[in-house]
Amino acid sequence: MKPDYIAYAIPFFFLLIGIELLIDRVKKSHYYRFNDSVSNLSLGVSQQLVGVFLKTVLFVGYQVIYDRFRLWEIPGTWWAWVILFVGVDFFYYWFHRASHEINALWAAHIVHHQSEEYNLSVALRQSWFQAAFSWVFYLPLAFVGFSPVMFVAVASLNTLYQFWIHTRTIGRLGPLEWFMNTPSHHRVHHGTNPEYLDKNHAGVFIVWDKMFGTFQEEIKLPVYGITKPLKSWNPVWSNFHYWVELFSLAGRKSVRGVNKIKIFLRSPDWRPV
């Protein structure tokens, strides 16, 4: 039986969004726009529907590696859960970083960054297709011998943690900023300011960004969204617009040979000469 903590947490997501919305109205912060919030929620709901299949693929792929190729069988002791929690967050960092540095992965992940607001509803704005490739980054955990049930549980907890950091209501959190991912750090990640682009990829522990050179402190108010605004509330277009852009670019007569493939494998700011 796979633990589905995300599904169990949905009522609490909406409760916390409601509380933040109430605070927003009282303080007149204007952190919420109706059309933007509806778009975020519609993408979240539709992602859960599409994700029923993709999550099964993830689980089966992990299960196959675990059953046939694992090196050990890690017991379900407390220390194993702690190691797995750190391991999942480590590989999440690399998956998330790759999703910003490789066009084919960014084409899916871009959905999460399209909102020009920043509030708890943005946390629910997720790609339909990201789970189709994210699982590959976690396969070393299957080879080592962490069971699929343990992995799915910990991966769900990692995702749950990231919900609350999508807010402007909470400021800096003192010493927690040194090693944990916080709302301040994640606001940077969603900023389109030049100094904020492709920074702070961590899920739970910001130490990964500090170790691998992608950390940026919040030094001024971020401008949210993507560098080329979406200008649409259509959830289908939200999930496909960047793919259309990539295939359109690859289909140009001026783009030849291996450059057609490089368009999908290089970074979003790369263009063929």
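The values are calculated or read from the model by the stated rules, or taken from the named source; none is laboratory data. Computed from a prediction, not measured in an experiment: that's the story for all the values here. Ideal geometry is used to build each Cβ from the backbone, glycine not excepted, and the neighbour counts take in all protein chains shown. Side chains included, ligands, DNA and RNA excluded: accessible areas come from the protein's heavy atoms. Shrake-Rupley method; radii C 1.70, N 1.55, O 1.52, S 1.80 Å.
Summary of computed values
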item	result
Members of the stretch 230-273 that are under 23 Å from ARG125 (Cβ atoms), open to solvent by less than 100 Å² (accessible area, probe 1.4 Å), in contact (Cβ under 8 Å) with a residue 60 or more places away in the chain and not in a helix (DSSP H, G or I)	LEU230, SER267, PRO268
2 or more residues at pLDDT below 95, over 18 Å from LEU160 (Cβ atoms) and open to solvent by less than 40 Å² (accessible area, probe 1.4 Å): qualifying helices (runs of 4 or more DSSP H) within the stretch 1-107	34-69
Long-range neighbours under 6 Å by Cβ, at least six apart or interchain, first residue farther than 8 Å from GLU117 by Cα within the stretch 25-38, second open to solvent by 70 Å² or more (accessible area, probe 1.4 Å)	ASN35/TRP233
Any hit, the stretch 121-128, residues being in a helix (DSSP H, G or I) and more than 30 Å from ILE263 (Cα to Cα)	yes
Residue in the stretch 61-73 that is aliphatic (A, V, I, L, M) and closer than 26 Å to GLU116 by Cβ present	no
Every pair of residues 6+ apart whose Cβ atoms lie under 6 Å, when the first sits in the stretch 171-200 and is surrounded by fewer than 22 Cβ atoms within 10 Å (Cβ to Cβ) and acidic (Asp, Glu) while the second is at pLDDT 95 or above and in a helix (DSSP H, G or I)	ASP198/HIS100
Neighbours by Cβ (under 6 Å, 6+ apart or cross-chain): first from the stretch 76-100, closer than 25 Å to HIS189 by Cα; second acidic (Asp, Glu)	HIS100/ASP198
Only one of ILE206, ILE226, ILE219 that is among the aliphatic types (A, V, I, L, M), in contact with a helix residue (DSSP H, G or I) (Cβ under 6 Å, 6 or more places away or on another chain) and surrounded by fewer than 21 Cβ atoms within 10 Å (Cβ to Cβ)	ILE226
Criterion violated by GLN126 - all others in (1) closer than 20 Å to GLN48 by Cα; (2) open to solvent by less than 30 Å² (accessible area, probe 1.4 Å) satisfied	(2)
